[in-house]
1. Which ³J(HN,Hα) values in Hz, rounded to whole numbers, follow from the phi angles of segment 141-149 under the Karplus curve 6.51 cos²θ - 1.76 cosθ + 1.60, where θ = phi - 60° and Gly and Pro get x?
2. Work out from phi, with θ = phi - 60° and the Karplus expression 6.51 cos²θ - 1.76 cosθ + 1.60, the ³J(HN,Hα) of each residue of segment 26-39, listed in order in whole Hz, and give x for Gly and Pro.
3. Mind giving me the nanometre distance, one decimal, between the label points for LYS61 and LYS89, set 7 Å out from Cα along Cα→Cβ?
4. Determine which aspartates and glutamates satisfy two conditions relative to LYS33: a Cα distance under 20 Å, and not lying fewer than 8 residues away in the same chain.
5. For CYS211, list long-range residues whose amide hydrogen, built 1.01 Å from N in the peptide plane, is under 5 Å from its own amide hydrogen.
6. How would segment 127-219 be classified by its alpha-carbon gyration tensor: rounded, prolate or oblate, with rounded meaning a/c under 1.5 and the a/b versus b/c comparison settling the rest?
7. State, to one decimal in nm², a quarter of the convex hull surface area for the C-alpha atoms of segment 82-130, i.e. the direction-averaged projected area.
8. Suppose each label sits 7 Å from its Cα in the direction of the beta carbon; what would the ASN18-LEU181 distance come out to in nanometres?
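Derivation of every value follows stated rules applied to the coordinates shown; laboratory data play no part. What you see is a predicted model, and the numbers here were worked out from it, not measured in a lab. Counting neighbours? That spans all protein chains shown, and the Cβs are built from the backbone with ideal geometry, glycine included.
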Amino acid sequence: MAIVLLTLADNIAFKVSNPIDNHLKETSKKKRKGKEAGRKMISDLTEAHKNLSTQKNEYEKYARILDQSQAESDRVNHLNELYSSNKIKKKLDSDKKKAEQCEKRYRKATDKAMGLERKLFDTEMPAILKDFEAIERQRLGLVKIGMINFTESVRQSLPKIITICEEVQANVSDSIPDQDLNAWILGKKTGKEKNEQRVEYEPYSSKYKCCMREGSTTPSANNNVDNNNDFNNNNNNNVNNYCNSSSSTSSKKHSYVA
């Protein structure tokens, strides 16, 4: 079962996920640069529109002032007021100069905004979006192929998986856990009788220079402990045998699963 599933996982990785992951890695740099360029164009155009609005308002302001100065100059010339005409002429020239400077800045701001609009709407941004579209079409094509390969890999693995599952189910259905364990315990029994003489506290005897049971005339503590140690060792060996045997039996019974 493990080999079948590992083979299936390898096929899915090789035929499905790896091609898509590789495509994403190969195109990530181009997409990142495209996004950065697009954001910069939008940001630059936003700033250009703000500056254009400011320069336009400034130009309109001084253009209106120039209109007033020109109207005043025309009025004075019509009335032939010599003193006033020289003063108004100087003001008219100054206002005209300021208006021309504002118009020049306004034209420059307009040209810059128009150039950025061409980049955003006509040249650079459409090219970036076209590249993005091609990358996405290629990715969707890989996804389609990957899903076809995925279903084909699963379809090829299913018969093997079903066969293994049927074998496992048959073996498990035929087993009787209680009988299996009882048979194993019976086979592992040593046949030795339990030691009926258990340990107990034995006071020290000055006469015999050792610990002895109450009413006893012969030392027995060491013998009892040794006997019990032997019994415990036998039990430990049985437990170890059970663990090793169970592991071995399980491995043999289901070796075909791997």
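1. x, 5, 5, 4, 4, x, 5, 5, 5
2. Karplus values, whole Hz, x for Gly and Pro: 5, 9, 5, 5, 5, 5, 5, 5, x, 5, 4, 5, x, 4.
3. About 3.0 nm, to one decimal.
4. Once the sequence-local aspartates and glutamates are set aside, what remains near LYS33 is ASP21, ASP44, GLU117, ASP122, GLU124, ASP131, GLU133, GLU136.
5. Excluding prolines and chain starts, which carry no amide H, the hits are SER205.
6. oblate
7. Numbers: hull surface 13.9 nm².
Directional mean of the projected Cα hull area for segment 82-130 stands at 3.5 nm².
8. 4.7 nm
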